[in-house]
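Report on the structure given below.
The values are calculated or read from the model by the stated rules, or taken from the named source; none is laboratory data. It should be emphasised that the depicted structure is a prediction, and the values quoted were computed from it without experimental measurement. Don't worry about glycine lacking a Cβ; one is built from the backbone with ideal geometry, like all the others, and counts go over all protein chains shown. Accessible surface areas use protein heavy atoms only, side chains included; no ligands, DNA or RNA. Shrake-Rupley method; radii C 1.70, N 1.55, O 1.52, S 1.80 Å.
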Amino acid sequence: MLVKDFIMKDIPVLKSFDTVEYALGLMDDFKLKHLPLLNENTYQCLLSEKDLLAIPSSSITIGEPVMFAPSVREDSHLHEALAIITRYGLSLLPVVSTEGIYSGAITRDKLIEALSELCNAEAEGSIIVLEMMPQDYVLSDIARLVESNNAHVINLLSHTDKDTGKLLISIKIDLEDASPVIRSFERFNYTVLYHFMEKGIVDDVLQQRMDELLHYMNM
């Protein structure tokens with residue numbers, strides 16, 4: 001998924017002659033904490049609500065503020081946009097051409113929608129979270145075990161636990177009852193850290209384990 005497929009054209013922009021009051025009003029109307037400042041059609045910088053509130057008078061014009069100009073290209077992947085928005089805590093990220101011409105913006109909310117689609121968040125199925133050392137991660141082996149139970153991996157995400165150094169693999173499969181897949185992972189000595197299945201679908205073995213855990217917690 002590329003940024004160009006999710007550009008929003010209706011986000012308002014600011015000019016140096018706009019007043020602080022006007023800019024803050026736009027941010028409030030559009031429920032945003034940031035807006036781009038343009039010179040003609042060229043992107044200059046990104047203004048934040050915090051920047052504007054620091055200006056002594058709301059009636060004066062914005063002028064030429066301190067330059068902070070994060071942006072992303074139209075042909076960038078959504079992962080790059082996500083990284084920049086997360087790094088700087090942005091409510092939107094301007095999209096520009098190689099010449100710096102402003103094309104529109106991608107908002108945090110739009111990005112979440114896009115990533116939800118990318119992750120098949122709405123698709124029915126189950127989620128299994130495996131824990132392993134990075135050197136033990138072999139994608140083909142994981143997929144083989146899933147597919148041996150007549151299931152398919154429809155999404156896979158991974159990240160490293162900073163405390164343990166272990167890799168956490170979140171796998172979404174197209175089975176609502178993941179019990180057979182979980183048992184296969186356990187037979188091959190995978191650590192199943194968590195699993196999330198459709199409510200009410202828990203086989204006898206998993207139910208027994210849950211009962212044992214509840215009994216232990218109540219001791």
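Taking the condition of being out of contact with any strand residue (DSSP E or B) (no Cβ under 7 Å at 6 or more places or on another chain) and within 28 Å of E99 (Cβ to Cβ), how many residues in the range 23-51 meet it?
We begin by selecting, within the range 23-51, every residue out of contact with any strand residue (DSSP E or B) (no Cβ under 7 Å at 6 or more places or on another chain); these are 24-25, 28-31, 39-40, 49-51.
Within this subset, residues satisfying the condition of being within 28 Å of E99 (Cβ to Cβ) are 30, 39-40, 51.
Matching residues across the range 23-51 total 4.
When the range 61-102 is limited to residues that are free of Cβ contacts under 8 Å to residues at least 24 places away in the same chain and aromatic (F, W, Y), the one that is least open to solvent (accessible area, probe 1.4 Å) turns out to be F68. Cβ-Cβ distances below 8 Å connect the following pairs, each with a first residue in the range 127-140 that is acidic (D, E), a second residue that is surrounded by fewer than 14 Cβ atoms within 10 Å (Cβ to Cβ) and assigned to a loop (DSSP other than H, G, I, E, B), and a separation of six or more residues or different chains: E131/D161. Take the residues of the range 23-60 that are within 31 Å of the chain's Cα centre (by Cα) and hydroxyl-bearing (S, T, Y): which is surrounded by the fewest Cβ atoms within 10 Å (Cβ to Cβ)? Only one residue fits best here, namely T42.
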